[in-house]
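One structure below.
The values are calculated or read from the model by the stated rules, or taken from the named source; none is laboratory data. The structure presented is a predicted model; accordingly, all values stated were derived computationally and were not measured. Quick reminder, even Gly has a Cβ in these numbers, built from the backbone with ideal geometry, and neighbours come from all protein chains shown. Areas reflect the complete protein model, heavy atoms only, side chains present, ligands, DNA and RNA absent. Shrake-Rupley method; radii C 1.70, N 1.55, O 1.52, S 1.80 Å.
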Amino acid sequence: MTTSGSDATVEDVVRRVVAGHRDQRGALLPVLHAVQAELGHVPQEAIPVLADELNLSRADVHGVVTFYHDFRREPAGRTTVRICRAEACQALGADRLVGYAREAGLSLGETTADGSVTVEQVFCLGNCALGPSVEVDGRLYGRVAPARLGSILNGTVSS
């Protein structure tokens, strides 16, 4: 498989990333983050290459990728929405945001069929005093009500 927009294969990318971390002890996490930053996710075909390069079992690499929620095994949508579900945000109405997203056809942990939006739940965005909080493409929003989430998703909230 080649990566989008280039002739480099997943194997080429993984081997190059690992080479940049060769001197680090316990480099799996930094390597996984770098692979995901470059490819947008950690594809299944990267697992055996990582295992070979880092002298780990495939099960070890797979276990780390599937354990940490920040690692994607499939590409994310063009817009990534992360809804905080930690205690402070839950107490301030995060369930209403999840309900709104579901009513809009956006399932937690999934990407829409057209690849436009991925909705994820997280368990703290560090914005507890302004909950419920939502992060959209790396931008943090506080005191988000369902109507505001709709505006954010529709791109109508100004900077």
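Would you pick out the residues in the range 14-35 that are under 21 Å from Thr80 (Cβ atoms) and in contact with a helix residue (DSSP H, G or I) (Cβ under 9 Å, 6 or more places away or on another chain)? Correct list: Leu29, Leu32, Ala34, Val35. Exactly one residue out of Ala113, Ala94, Ala8, Ala34 is open to solvent by 20 Å² or more (accessible area, probe 1.4 Å) and either within 30 Å of Ser151 (Cβ to Cβ) or charged (D, E, K, R) (or both), and it is Ala113.
Checked against the criterion of being among the small types (Gly, Ala, Ser), within 17 Å of Val117 (Cα to Cα) and open to solvent by less than 40 Å² (accessible area, probe 1.4 Å), the range 70-86 has at least one qualifying residue.
Being part of a loop (DSSP other than H, G, I, E, B) and out of contact with any Leu (no Cβ under 8 Å at 6 or more places or on another chain) is the filter; apply it to the range 116-132 and report the residue that is most open to solvent (accessible area, probe 1.4 Å). Ranking the candidates gives Phe123 first. Just checking, how many residues over the range 39-56 are open to solvent by less than 90 Å² (accessible area, probe 1.4 Å), modelled with pLDDT of 95 or more and of a type outside the set (A, V, I, L, M)? Qualifying residue count, the range 39-56: 5. Among the conditions (1) part of a loop (DSSP other than H, G, I, E, B); (2) in contact with a Gly (Cβ under 8 Å, 6 or more places away or on another chain), the only one that His41 does not satisfy is (2).
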